[in-house]
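Colleague: One structure coming up, written as structure tokens, with questions to follow.
The values are calculated or read from the model by the stated rules, or taken from the named source; none is laboratory data. Owing to the predicted nature of the structure, the values given are computational and were not obtained by experimental measurement. Don't worry about glycine lacking a Cβ; one is built from the backbone with ideal geometry, like all the others, and counts go over all protein chains shown.
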Amino acid sequence: MQRCIYLFFVCLIMSVTACTKSESPRKTVNSSSVAAEKSPAPEVSVVSIANGSTLKLSDLKGKVVLLNFWATWCPPCREEIPSMMKLNSFMTGKPFQMMAISIDEGGKTTIDSFFKETGLFLPTYLDASSASSKSYGITGVPESFIIDKQGVLVKKIIGGFAWDSPEAVSFIEGLMK
């Protein structure tokens, strides 16, 4: 009985930390080919769900970037969205860009429905080829990457995070100097 309780808590902790979709088989990724802290951030080319325009990470040099991989079906993703919205609002007019890349299979339709139902919103982008999630080596969602003004990946965060916390805001503002 104690073993069952232990296994339940282990499973619960793992599901809260980050979400993966069981329908999608995990692939082994060569760790030398994925993003690493203190290295140049891999290029990302994504399409905005708001207006269909293409955005490349390389176009954002001079800005601190919060690159976040998420999905509408992921509970920790849903929990961190309000804090991301607050951070994005707080950073208005500053050299900052949020790129929330959805891995939802339903694409724009699924995301638009989610935002309409919840009243939440993020500057969301799609990567139909999944090239960005592969180059960053994500293993689940949410996973976030903070990229400095020179295009260097300075921090990787796995799991949900309080993006509006004083520590997070201070860290990001420090990168803007």
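Colleague: How many residues are of a type in the set (D, E, K, R) and under 13 Å from TRP70 (Cα atoms) when one looks only at segment 115-134? I'd like the intermediate steps shown before the answer.
Modeller: So in segment 115-134, the residues of a type in the set (D, E, K, R) come out as 116-117, 127, 134.
Still in the running and under 13 Å from TRP70 (Cα atoms): 127.
Qualifying residue count for the region: 1.
Colleague: Let me confirm something: among LYS156, LYS149, which residue is more than 22 Å from ALA50 (Cα to Cα), out of contact with any Leu (no Cβ under 8 Å at 6 or more places or on another chain) and modelled with pLDDT of 95 or more? Walk me through how you get there before you give the answer.
Modeller: Numbers: LYS149 fails: out of contact with any Leu (no Cβ under 8 Å at 6 or more places or on another chain).
None of the others qualify; the one that does is LYS156.
Colleague: A further question follows. Those residues that are more than 21 Å from CYS74 (Cα to Cα) and small (Gly, Ala, Ser), I need them from segment 136-177; list them, please. Explain how you work it out, then say what you get.
Modeller: Going residue by residue through segment 136-177, those that are more than 21 Å from CYS74 (Cα to Cα) are 147-155, 165-177.
GLY151, SER165, ALA168, SER170, GLY174 - these are the residues of segment 136-177 that are more than 21 Å from CYS74 (Cα to Cα) and small (Gly, Ala, Ser).
Colleague: Could you pull out every one of the strands (runs of 3 or more DSSP E) wholly within segment 92-177 that has 1 or more residues that are touching a helix residue (DSSP H, G or I) at 6+ places or on another chain (Cβ under 6 Å) and of a type outside the set (Gly, Ala, Ser)? Break it down stepwise before answering.
Modeller: Working: elements: 96-102, 124-126, 143-147, 152-158.
Result: 96-102, 124-126.
Colleague: Next up: With closer than 20 Å to ASN51 by Cβ, in contact (Cβ under 8 Å) with a residue 40 or more places away in the chain, buried (at least 16 other Cβ atoms within 10 Å of the Cβ) and polar (S, T, N, Q) as the only criterion, which of SER133, SER144, SER83, SER102 stands out?
Modeller: Values: SER133 fails: closer than 20 Å to ASN51 by Cβ; SER144 fails: closer than 20 Å to ASN51 by Cβ; SER83 fails: closer than 20 Å to ASN51 by Cβ.
Result: SER102 is the single residue among SER133, SER144, SER83, SER102 that is closer than 20 Å to ASN51 by Cβ, in contact (Cβ under 8 Å) with a residue 40 or more places away in the chain, buried (at least 16 other Cβ atoms within 10 Å of the Cβ) and polar (S, T, N, Q).
Colleague: Of the conditions (1) under 22 Å from GLU143 (Cβ atoms); (2) touching a residue at least 40 places away in the same chain (Cβ under 8 Å), PRO95 fails just one. Which one is it?
Modeller: That leaves (1) as the condition not met.
Colleague: Using the structure shown, decide if PHE114 is buried (at least 19 other Cβ atoms within 10 Å of the Cβ), under 23 Å from SER39 (Cα atoms), modelled with pLDDT of 95 or more and out of contact with any Asp or Glu (no Cβ under 6 Å at 6 or more places or on another chain). Walk me through how you get there before you give the answer.
Modeller: Values: buried (at least 19 other Cβ atoms within 10 Å of the Cβ): yes; under 23 Å from SER39 (Cα atoms): no; modelled with pLDDT of 95 or more: yes; out of contact with any Asp or Glu (no Cβ under 6 Å at 6 or more places or on another chain): yes.
Criteria not met by PHE114.
Colleague: Which of the following residues is modelled with pLDDT under 95 and not β-branched (Val, Ile, Thr): GLY62, GLY52, GLY106? Show your work before the answer.
Modeller: Working: GLY62 fails: modelled with pLDDT under 95; GLY52 fails: modelled with pLDDT under 95.
On inspection, the qualifying residue turns out to be GLY106.
Colleague: While we're here: Could you say which residue among VAL47, VAL10 is farther than 30 Å from GLY174 by Cβ and at pLDDT below 95? Steps first, answer last, please.
Modeller: Working: VAL47 fails: at pLDDT below 95.
Testing whether each residue is farther than 30 Å from GLY174 by Cβ and at pLDDT below 95 leaves just VAL10.
Colleague: Please name all residue pairs, on different chains or six or more residues apart, with Cβ atoms under 7 Å, provided the first residue is in segment 54-76 and is without any contact (Cβ under 8 Å) to a residue 24 or more places away in the chain and the second residue is charged (D, E, K, R).
Modeller: LYS56/GLU43
Colleague: Identify all residues within segment 106-161 that are among the acidic types (Asp, Glu) and under 16 Å from SER83 (Cβ atoms); write none if there are none.
Modeller: Residues of segment 106-161 that are among the acidic types (Asp, Glu), as a first pass: 112, 117, 127, 143, 148.
If the condition is that a residue be among the acidic types (Asp, Glu) and under 16 Å from SER83 (Cβ atoms), then GLU143 is the only one that fits.
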